[in-house]
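Written below as C-alpha cells is the structure these notes are about.
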Amino acid sequence: MTTNTNWAGNLAYHSQQSLIPDTLDQAQEIVAQATAIKTIGTRHCFNDIADTEGTHISLAKLNQVISLDETNHTVTVEGGIRYGELGAYLHQRGYALPNLASLPHISVAGAIATATHGSGVKNGNLATSVNAIELLTANGTLHQYNRNKNMDTFTGAIVNLGALGAVTKITLDIQPTYQVRQDLYCDLPLSTLSDHLDEVLSYAYSVSLFTDWKSDSFHQVWLKIRLDQTPDFIPPATLFGAIPAPQNLHPLPGHAAENCTEQLGQPGPWHERLPHFKLDFTPSSGAELQTEYFIPRTLAYPALEALFTLRQKIEPLVFVTELRSVAADDLWLSPCYKRDNLAIHFTWKPDQPAIEKLLPQIEAALAPFQPRTHWGKLHTMSPNKIASSYYRFADFKILARTLDPNGKFRNPYLKRLLA
C-alpha cells in the first residue's frame, strides 16, 4: 500500500507502516496492538488531519454493502465504500441518497467524518443521512451509536475527525431513486446577489455558483433539478441576467468538459448528476489545493463583498471558487451546526507558499461574518478560534477522551485542536 502523499501531492505522510486489513477481525487486532494509529481514506484532504507518525490503517477492502432494509428505508455499508459505487448499487435497486458531494471518488466514512457536503438550501451535509454508526475504538472493541437509541452522543460521534476511532459500519437513510437534469448559465453579476441571493440559491434542488475572479461576476451557475419534484421544469431564457450555456462546460476554465457529468438538460440518475465529476475521470483539476469557509447564509452577501475587495490578489492564485448552500444540522462538529450556511470553496493552483501567505488576509476579511473552516482543507485559523465557534466542542473533547483515553488516534492535527 502506498500512502506517502495525499491526493493533491502537497503533503507527505509520516506513517511508519501502512496496513490494509482484509477482515474486520484483522482491523481490530491492528488497532488493539498499535500505540499510535490513524485511519486513512481516499486521501482527499489537504492538511495533516489524516497524518500519523505511527500506523496508517486503510479500510479500503472493507467496502461492501452489508444490507438493504426496504422496510425502514436504510442501507448499511462498510466504512471503506465510495459514494460512486454505493450510488450505482442503490439506483439499480430503486433507491437513492438525498445528496452527494461534487466528486463521487470519496469514501463514505471519510466524507462523514469531515462533514463533506453538496449543495441545496434544504440539503444538509452528507453526515446528516447517517442513521447509525459503528466505531472501532482504541482497545479494539466496537461501539455502536444509533439515532433512535442514544441521540445526543450520536450527534457527537458522526462528524468525528477520526478522533474517536475507525468507522467500520454506517447505516444511511435512503429514499426512492429519482432523475436529475443539469442546466448551466453564464455570467451572473455579483451585484445580482444583493437582492436575489436566496432566490438564486433556491432556484433548483442543488445550485452552485463559480467565479474565476477575473471580474465581479460568476462565470457559471449550475442548476441541478430533481425531476420527481419539478417534473415540468422549463429552463428560463435568462437567470437573473445570466444566459444559458451554449455547450457542456467544466467549472475550471480551460479544462475539458468530458470529465463532468452530463449537462444541457439531459436527464439522468441522481448519482450521475448530483456530482460535478464522473467517477472514472479526474475530478476538478487534479493538481490543486483547496480551502473552504462556511458563513451564515444571512451574512453571505456582505461577506462576498468583503472577499471581492481582494479579487486582484485571489485571481492569480485560484482556478475557481464555488459557492454552495448547506442546510443547518445538529451534529456537534459540523460547520453547519445550528445554522444555514453559504460554503465558499477555493480551488487553488498548486502554489502553497503563496496561498498560505494570502489565507490570513482572506480570513481577516471574513472575520466579521462568523467563519468556520472545512476540517480537511487549508487554512490558518488558530485552534482556539476554531474551537470557540463550536458550542459543543468541550463535549466532543470529553467524548474523545472517553473512547481514546491514551490518545492512540490523536495525531499532531488533533493534538493542536484538542489541546
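Packing here is the average count of other Cβ atoms within 10 Å per residue, and on that basis the peptides 31-42, 95-106, highest first, run 95-106, 31-42. A simple spin-label model places pseudo-atoms 7 Å from Cα toward Cβ; at ASN4 and THR238 they are separated by 5.5 nm.
Every helix of 4 or more DSSP H residues in the chain counts as -39500 (n - 2.57), and over all residues that averages to -6000 deg cm²/dmol at 222 nm. With distances taken between every two different alpha-carbon atoms, the range 340-395 has a Kirkwood hydrodynamic radius of 12.6 Å. Under the criterion of Cα pairs below 8 Å and six or more residues apart, the relative contact order for the range 17-58 equals 55 percent.
For ASP228 and ASP198, the FRET efficiency from 1/(1 + (r/R0)^6), where r spans their Cβ atoms and R0 equals 22 Å, is about 0.40. Dividing the radius of gyration of the alpha carbons in the range 179-377 by their Kirkwood radius gives 0.94 for Rg/Rh. Distance between the pseudo-spin-label points of ALA88 and ASP187 (7 Å out from Cα toward the beta carbon): 4.0 nm. Straightening the chain between LYS357 and LYS415 buys 18.5 nm, computed as 0.36 nm per residue apart minus the Cα-Cα spacing. Ellipsoid fit via the Cα gyration tensor, the chain: semi-axes of 33, 25, 20 Å, each the root of five times an eigenvalue, largest first. A full extension of the chain between LEU68 and ALA12 corresponds to an added length of 16.3 nm, given 0.36 nm per residue minus the alpha carbon distance. For the range 17-58, the Kirkwood estimate of the hydrodynamic radius, built from every pair of different alpha carbons, is 10.7 Å. Considering only alpha-carbon pairs that sit under 8 angstrom and 6 or more positions apart, the relative contact order computed for the chain is 18 percent.
For the chain, a simple Cβ point-charge model (Lys and Arg +1, Asp and Glu -1, everything else neutral) yields a dipole of about 880 debye relative to the Cα centre. Annotation: extensible slack from LYS385 through LYS122 equals 91.9 nm (criterion: 0.36 nm per residue apart, minus Cα-Cα distance). Translational diffusion coefficient of the range 275-419 (Stokes-Einstein, Kirkwood radius from Cα pairs, 25 °C, 0.890 mPa s): 147 µm²/s.
Overall size of the range 1-71 from C-alpha positions, given as principal axis extents largest first: 45, 29, 18 Å.
Both numbers refer to the Cα atoms of the range 16-171; Rg and Dmax are 15.0, 45 Å.
Any read-out appearing in this document is the output of simple, stated calculations on the displayed coordinates, not a laboratory observation. For clarity, every value in this text was computed on a predicted model and none was experimentally measured. FYI the Cβ positions are ideal-geometry reconstructions off the backbone, even for glycines, and counts take in every protein chain you see.
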